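Notes for the one structure printed next.
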Amino acid sequence: MPRVRPGPVPVRPAPPERFRWITPGAKTLAAAMTIGVFCLSGALRGTTPFGGGSRNLNDLGNQFGPMHAHLAAILRGTADGDLFFNWNSGMGVPFLPDFHLYLASPLAPLTALFPPERIDLAMFVITVAKMALASVTMTVYLNAVTPRGPRWQLGLFGSAYGLCAWAVDDAAYVPQWLDGLVFLPLLCLVGEWTLQRRRWTLGVLIVAAAWYANFYTAYMATLGAAAIVLARFLTVEMSSRDRLAAGARYAASAACGLALAMPLFVPTFIAAGHAPPTTGHSFDVSPVVFLARLLPASEGVGQSPSICVGTLVLLAVSVFPFDRAIPRRSRVVWSSLPLLLALSFQRPGQYVWNGFDAPDGSPYREAFVLCAALVIVGWIGVTRGRPGRRSVLCASAFHLVMLLLALVSPLASRHAPALLIAGALAAAAAVGAARWSARRPDDRRARTALVTAAVGLTAFMLLEQTVTAVFIDQRRAQRFEFTAPWNSSHEERVQAIRSVDGFPRYRTEPGGPGLTANDPMLLGGQGAGYYSSVLPLDTSRTLIDLGYPYDRWGRQILPADNPVLDAIFAVGAQATDSKGRPAPSRRAAAPLVTLRSATRPLPAGADPFRVQEAVLGSEVYRYPKVRWAPVGGAPEMTSPGGRPHIPSDARGRARYEATVSCSPGSSVAGWTPKPPGGRFRDRSGPGMVSFGTVPVGGTLKITIRAGAEAAPAPVVGCADPALLRAAVERLRSGGARRVRVSGHRIEAEIPRGRPGVAVVSVPLVDGWKCSIGDGPARRPRSHDGLIAVPVDGSSGRLSCGYTPPGLFAGTALGLAGLSVTLGAAYIGRRRRLRGKAAESEILDSGSFDADPSDVRDVSETPTPDRPRS
């Protein structure tokens with residue numbers, strides 16, 4: 001074995017003293033640019049927290065804001081439930097999949113630092129902080145790939161990534177997606193460490209953190225990082241054997257990191273597979289539309305990939321393939337990367353990006369990977385290339401094409417051509433000033449020109465990114481719906497709910513009209529309203545069969561104004577609206593746990609009226625004869641199949657009226673039958689519709705309107721108040737004497753000596769286990785979708801607990817990954833210690849058999865992209 005002395009450690013030279021004042025810390029500049037642009041665009045638009053305009057676009061207000069508010073309540077200890085189970089929503093639903101899908105980000109707990117009425121500010125702070133972190137992490141990775149070039153340029157490229165169109169357009173109102181934007185550069189940085197054979201444990205932890213934070217975008221970020229790291233490995237000068245070994249090390253670190261995330265990933269993956277299916281979007285985008293989305297100030301409103309990264313990056317990328325100063329292999333590999341990623345946005349690659357499932361919403365959720373590739377290629381070109389006349393001409397031709405596209409494309413704003421021209425002029429001025437300063441380093445005028453060009457280019461990027469963000473927000477506001485920010489209506493509803501909340505003795509329905517799709521999580525109470533992509537299919541079917549309205553193919557359950565449903569689910573209070581203001585009301589309610597003598601089998605194909613009676617255990621409905629009469633010249637009803645049908649009317653102007661006779665005080669409801677198998681085929685269903693309460697006279701006039709499609713006339717039922725009161729009293733007399741809910745467990749004291757079935761007013765899903773007394777815990781039965789436990793009367797204590805399916809298997813895989821990670825870290829440490837001992841022995845002996853100049857550090861392996869140090 002040759003005995004060698006370690007080579008000198010290369011030290012990066014400090015920037016020249018005369019330029020330090022114009023070269024602030026790159027990470028600081030990137031973060032400041034990102035925060036400044038996002039805040040300035042919000043101020044110009046007058047949105048929260050800079051004005052009264054709402055930022056709660058689409059699911060941000062309906063879904064993510066309320067879920068963050070629920071997480072804050074869990075952290076404060078004021079929530080009904082814990083990380084395993086949520087007692088507020090859907091009459092009791094699992095929560096761990098929601099946590100992993102929406103709330104596992106390291107920044108999500110910041111919501112606990114804000115009072116509930118400042119949840120909109122908390123969401124804004126989390127969003128802008130994640131975008132700034134993404135700019136910083138990309139800056140760190142770019143510096144690792146090429147540690148050359150002025151710091152201010154590095155900061156500009158980092159901010160171009162953090163403010164890419166995908167971040168501003170698609171992810172600004174889906175804050176959990178921004179975790180993928182943050183971790184993609186870090187996953188690529190793990191590849192750099194793999195090349196250098198160092199920081200194994202840290203690399204594994206970064207992969208685990210990415211998959212913990214948000215597995216959905218972590219999946220896309222991992223695919224994108226694999227493509228970028230592969231391109232990096234192909235451009236580094238090393239043997240094929242070393243390249244394969246580096247790839248194996250990177251794959252091993254990714255596998256260990258993924259294994260560490262299994263305790264959360266496995267339960268969430270199982271939950272996603274058991275959610276109601278949806279009808280996704282098509283994946284068709286023309287090349288012209290694709291190119292148009294590269295333009296600044298362009299917007300496709302969710303129908304095309306958001307891939308704009310700014311004029312500066314676009315110019316650098318367009319020069320890169322033709323710059324002969326960059327080695328050919330690097331040009332071919334890095335130029336091919338964005339093209340191949342763009343091609344993968346078509347079928348079948350799009351299905352791979354989306355986990356082989358058509359998404360419900362924006363179909364191009366992986367566009368941030370292409371944005372990262374463009375920024376990386378542009379930075380390599382800026383720092384390693386010296387564009388000649390041919391490359392400049394080719395880039396100018398491409399820029400001219402983009403300028404013409406900006407003039408004619410409907411996706412671009414009127415500002416896009418001006419931004420393209422101004423960007424080209426600013427970039428040309430910066431290049432000219434840099435070359436002048438390089439030729440005459442002692443010329444004061446050259447230094448002044450360089451400073452002026454740098455300031456001008458930074459100001460232009462600030463202007464361009466702000467205009468782009470404002471235009472995108474304007475275009476989105478014209479199409480998508482917004483929910484109101486926190487205001488006096490929220491405060492009044494919260495106070496009304498708190499004044500009557502008595503859980504777990506009874507539930508409190510937040511009432512309507514709903515302010516969001518997840519009012520129980522945002523405002524409090526324990527209602528049916530719930531919207532989640534991992535809503536269990538069993539829960540969705542149970543509630544829909546009982547007559548609850550639904551939307552989004554069954555992934556959103558809406559509250560229903562129905563006293564029979566309130567009796568079934570122990571709803572004893574409600575924050576109803578009276579003259580436009582919430583008015584809390586109380587009523588007698590059965591406890592959450594009731595004892596039945598037996599459960600009645602549900603007839604096949606039963607309508608919600610019969611399902612409710614079967615679950616309640618009593619007949620409470622009366623069915624009056626209804627004859628619908630057309631009003632105002634509406635067409636006559638048809639009767640296919642012997643049942644009256646309402647003809648279609650796209651404008652909804654055709655009206656039909658009927659007068660029903662029922663007992664005074666009866667609650668009148670209607671339900672429209674659907675064809676077999678059509679429940680989840682439709683995006684939404686009205687469920688049981690309340691027509692009101694029968695007055696003292698005993699008759700009630702009801703009105704319906706024709707829809708866009710012909711449909712059967714609704715079945716009308718009257719819930720008799722006397723029969724309903726008697727049913728509730730029977731349930732109370734045989735119900736639990738005391739109910740205690742803690743986290744993901746429920747305990748109840750039930751009457752002794754009465755065999756039968758204990759029914760818990762919670763939809764049954766996998767993961768529940770119940771025991772009677774000191775008996776073993778077993779999976780409960782189903783009472784038409786609710787938890788049912790047989791009892792023999794020997795014990796008076798019922799205990800049920802919920803454990804997310806897959807938690808134990810995921811924990812076992814996580815422990816296995818942890819063992820492998822620690823073992824590999826230990827072996828690596830032993831090798832390093834042995835190597836240091838050998839080096840110390842060689843230095844002590846003073847004998848060398850090799851020339852020290854032949855030794856190369858791994859991090860300084862000569863490559864076409866990095867010269868020998």
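Filter segment 797-823 down to residues that are open to solvent by 40 Å² or more (accessible area, probe 1.4 Å) and over 29 Å from the mean Cα position of the chain (by Cα), then give me how many there are.
Matching residues across segment 797-823 total 4.
Determine, yes or no, whether V288 is touching a Ser or Thr at 6+ places or on another chain (Cβ under 8 Å), part of a helix (DSSP H, G or I) and at pLDDT below 90.
Here the answer is yes, as V288 does meet what is asked.
Does V182 qualify as being within 17 Å of the chain's Cα centre (by Cα) and under 28 Å from R243 (Cα atoms)?
Here the answer is yes, as V182 does meet what is asked.
Test each condition in (1) at negative phi; (2) in contact (Cβ under 8 Å) with a residue 12 or more places away in the chain for R197 and report the one that comes out false.
Every condition holds for R197 apart from (1).
Can you tell me how many residues in segment 726-741 are under 44 Å from the mean Cα position of the chain (by Cα) and part of a helix (DSSP H, G or I)?
Qualifying residue count, segment 726-741: 4.
Would you check if there is a residue in segment 246-268 being in a helix (DSSP H, G or I), under 26 Å from P305 (Cα atoms) and under 21 Å from the mean Cα position of the chain (by Cα)?
No, there is no match, as no residue in segment 246-268 is in a helix (DSSP H, G or I), under 26 Å from P305 (Cα atoms) and under 21 Å from the mean Cα position of the chain (by Cα).
Look through segment 487-516, keep the residues that are in a loop (DSSP other than H, G, I, E, B), touching a Pro at 6+ places or on another chain (Cβ under 8 Å) and not basic (K, R), and return whichever of them is farthest from L592 (Cα to Cα).
Selected residue: T516.
Looking only at residues in segment 63-120 that are among the small types (G, A, S) and part of a loop (DSSP other than H, G, I, E, B), which one is farthest from the chain's Cα centre (by Cα)?
Selected residue: G77.
From the list Q465, Q474, which one is in a helix (DSSP H, G or I), open to solvent by 30 Å² or more (accessible area, probe 1.4 Å) and within 30 Å of T48 (Cβ to Cβ)?
Result of the check over Q465, Q474: Q474.
Out of (1) closer than 18 Å to V668 by Cα; (2) crowded, with 24+ Cβ neighbours inside 10 Å; (3) of a type in the set (S, T, N, Q), the odd one out for S618 is which?
Of everything listed in (1) closer than 18 Å to V668 by Cα; (2) crowded, with 24+ Cβ neighbours inside 10 Å; (3) of a type in the set (S, T, N, Q), S618 misses just condition (2).
Name the residue that is surrounded by the fewest Cβ atoms within 10 Å (Cβ to Cβ), counting only residues in segment 527-543 that are closer than 22 Å to I497 by Cβ and among the small types (G, A, S).
Ranking the candidates gives A528 first.
Six or more apart or on different chains, Cβ atoms under 8 Å: show the pairs whose first residue is in segment 504-517 and over 26 Å from A736 (Cα atoms) and open to solvent by 20 Å² or more (accessible area, probe 1.4 Å) and whose second is assigned to a loop (DSSP other than H, G, I, E, B) and aliphatic (A, V, I, L, M).
Cβ pairs passing all conditions: G514/L558; L515/A484.
Residues that are closer than 19 Å to Q612 by Cα, in a loop (DSSP other than H, G, I, E, B) and within 23 Å of the chain's Cα centre (by Cα): does segment 542-552 have at least one?
No, there is no match, as no residue in segment 542-552 is closer than 19 Å to Q612 by Cα, in a loop (DSSP other than H, G, I, E, B) and within 23 Å of the chain's Cα centre (by Cα).
Scan segment 695-708 and report the pairs whose first residue is without any contact (Cβ under 8 Å) to a residue 24 or more places away in the chain and surrounded by 14 or more Cβ atoms within 10 Å (Cβ to Cβ) and whose second residue is of a type in the set (S, T, N, Q) and assigned to a loop (DSSP other than H, G, I, E, B), with Cβ atoms within less than 7 Å and a gap of 6+ or a chain change.
Close Cβ pairs (under 7 Å, with a partner that is of a type in the set (S, T, N, Q) and assigned to a loop (DSSP other than H, G, I, E, B)) do not exist here.
Across segment 386-400, what is the number of residues that are in contact (Cβ under 8 Å) with a residue 60 or more places away in the chain and within 39 Å of the chain's Cα centre (by Cα)?
So the answer is 3.
Which of the residues that make up segment 238-279 are out of contact with any His (no Cβ under 9 Å at 6 or more places or on another chain) and among the polar types (S, T, N, Q)?
Matches in segment 238-279: S239, S240, S253, T278, T279.
Criterion first (out of contact with any helix residue (DSSP H, G or I) (no Cβ under 6 Å at 6 or more places or on another chain) and part of a helix (DSSP H, G or I)) does A372 satisfy it?
no
Sort out which residues of segment 47-62 are part of a strand (DSSP E or B) and either farther than 21 Å from M521 by Cα or among the acidic types (D, E) (or both), and write them in order of number.
The answer is T47, G53.
Residue by residue through segment 399-420, note down the ones that are closer than 19 Å to R479 by Cβ and crowded, with 22+ Cβ neighbours inside 10 Å.
Within segment 399-420, A412, S413 qualify.
With the structure loaded, tell me whether L154 is open to solvent by 30 Å² or more (accessible area, probe 1.4 Å) and assigned to a helix (DSSP H, G or I) or whether it fails that test.
So L154 does not fit the description; no.
Could you check segment 183-198 and list, in sequence order, the residues that are under 22 Å from S135 (Cβ atoms) and not hydrophobic (A, V, I, L, M, F, W, C)?
If the condition is that a residue be under 22 Å from S135 (Cβ atoms) and not hydrophobic (A, V, I, L, M, F, W, C), then P185, G191, E192 are the ones that fit.
Looking at L40, is it crowded, with 19+ Cβ neighbours inside 10 Å, out of contact with any strand residue (DSSP E or B) (no Cβ under 6 Å at 6 or more places or on another chain) and more than 21 Å from R507 (Cβ to Cβ)?
Here the answer is no, as L40 does not meet what is asked.
Whether any residue in segment 422-445 is under 29 Å from S306 (Cα atoms) and among the aromatic types (F, W, Y) is what I want to check.
Within segment 422-445, none of the residues are under 29 Å from S306 (Cα atoms) and among the aromatic types (F, W, Y).
Could you go through segment 759-766 and let me know if any residue there is at pLDDT 90 or above, open to solvent by less than 40 Å² (accessible area, probe 1.4 Å) and more than 31 Å from the chain's Cα centre (by Cα).
Scanning segment 759-766 turns up at least one residue that is at pLDDT 90 or above, open to solvent by less than 40 Å² (accessible area, probe 1.4 Å) and more than 31 Å from the chain's Cα centre (by Cα).
State all residues of segment 177-230 that are in a helix (DSSP H, G or I), more than 23 Å from V352 (Cα to Cα), open to solvent by 10 Å² or more (accessible area, probe 1.4 Å) and of a type outside the set (A, V, I, L, M); if no residue qualifies, say none.
Hits for segment 177-230 are W193, T194, W200, T201.
Could you list all residues from segment 794-810 that are closer than 16 Å to P267 by Cα and outside any helix (DSSP H, G or I)?
Of everything in segment 794-810, those that are closer than 16 Å to P267 by Cα and outside any helix (DSSP H, G or I) turn out to be Y802, T803, P804, P805, G806.
Pick from G432, G388: which is touching a Lys or Arg at 6+ places or on another chain (Cβ under 7 Å), surrounded by fewer than 21 Cβ atoms within 10 Å (Cβ to Cβ), of a type outside the set (S, T, Y) and farther than 30 Å from Q303 by Cα?
Sole residue among the options that is touching a Lys or Arg at 6+ places or on another chain (Cβ under 7 Å), surrounded by fewer than 21 Cβ atoms within 10 Å (Cβ to Cβ), of a type outside the set (S, T, Y) and farther than 30 Å from Q303 by Cα: G388.
Going by the structure shown, is V716 of a type in the set (A, V, I, L, M) and open to solvent by 30 Å² or more (accessible area, probe 1.4 Å)?
The answer is no for V716.
Look through R581, R493 and report the one residue that is among the basic types (K, R), open to solvent by less than 20 Å² (accessible area, probe 1.4 Å) and touching a helix residue (DSSP H, G or I) at 6+ places or on another chain (Cβ under 8 Å).
After ruling out the rest, the residue left standing is R493.
Within segment 355-373, which residues are open to solvent by 20 Å² or more (accessible area, probe 1.4 Å) and either modelled with pLDDT of 95 or more or of a type in the set (K, R) (or both)?
Selection gives R365 alone.
The values are calculated or read from the model by the stated rules, or taken from the named source; none is laboratory data. Computed from a predicted structure; not experimentally measured. Positions of Cβ are generated from backbone atoms using ideal geometry, with glycine treated the same way; all protein chains shown enter the neighbour counts. What goes into the accessible areas is simple: the full protein's heavy atoms, side chains included, and nothing from ligands, DNA or RNA. Shrake-Rupley method; radii C 1.70, N 1.55, O 1.52, S 1.80 Å.
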